[in-house]
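The values are calculated or read from the model by the stated rules, or taken from the named source; none is laboratory data. Every value quoted in this text rests on a predicted model; they were computed, and no experiment measured them. No Cβ is skipped: glycine too gets one built from the backbone with ideal geometry, and neighbour counts run over all protein chains shown. Heavy atoms of the whole protein, side chains included, go into the accessibility calculation; ligands, DNA and RNA do not. Shrake-Rupley method; radii C 1.70, N 1.55, O 1.52, S 1.80 Å.
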Amino acid sequence: MKIAVVFPGIGYHTDKPLLYYSKKIAASHGYGIKDVPYGNFPAGVKGNKDKMEACFFDALKQCEDILHDVDFSQYTDILFLSKSIGTAIASAYGQKHGLRTENIYFTPVAESFRFMDQPGIVFHGTADGWVDTETVVTECQARNLPLHIIENANHSLETGDWKQDIRNLEKIMELVENCLSYTVKKS
């Protein structure tokens, strides 16, 4: 049995493009989908270290409650799809519970790298206002995480040009598909 657990960002829910289509791809590869709909975050988190830390701990607690009844030992493959602060929450949750996971990390925040010790791929935009590209490149190299950089893309991996955004989304989802196809072959 396989499960894909979806960890959203603060304002980026599981029905937004990166997570929505990743869930569809995961389901097509036989993964059961489990959303982790934590929320009720304060405004003004970006750039505020105290609020970011409070959001992290609050979301991690909500995550514990939401996933309390999931018996991960019954799954042969555990996939974490995560976005923004969700990359930190997914990684911290996996560490705490000793889980072996495959990961798709969409636009991790700088603090996420403290916890990201499981294999996966990372997506980052060069216009991401939450973390600079140099930090992401350095941290991914240190962890041997394949990094896919989207030029001029923001924290949602969008450029402001809808045609370019759709082309980028297609390329991103092809990489997600390739990652899951490789994971399926390994199992």
Accessible carbon and sulfur surface of the chain relative to its total accessible area, %, 1.4 Å:
50 percent
I'd like the distance separating the alpha-carbon centroids of the stretch 142-168 and the stretch 50-73, in whole Å.
27 Å
If the cut-off is 23 Å between C-alpha atoms, which lysines fall inside it for LYS34, apart from same-chain ones fewer than 8 positions away?
LYS2, LYS16, LYS23, LYS24, LYS61, LYS83, LYS96, LYS185, LYS186
Farthest toward the dipole's positive end in the stretch 1-153, which of PRO17, PHE7, ALA88, given Cβ charges of +1 (Lys, Arg) and -1 (Asp, Glu) about the Cα centre?
PRO17
Using 7 Å Cα-to-Cβ label points, what is the TRP162/GLN95 separation (nm, one decimal)?
4.1 nm
Per-residue ellipticity at 222 nm attributable to helices in the chain (runs of n ≥ 4 DSSP H, -39500 (n - 2.57) apiece, nearest 500 deg cm²/dmol) works out to -14000 deg cm²/dmol
Considering the values (1) 41, 36, 32; (2) 58, 31, 26; (3) 43, 36, 25, which represents Cα extents along the principal axes in Å as calculated for the structure under consideration?
(1)
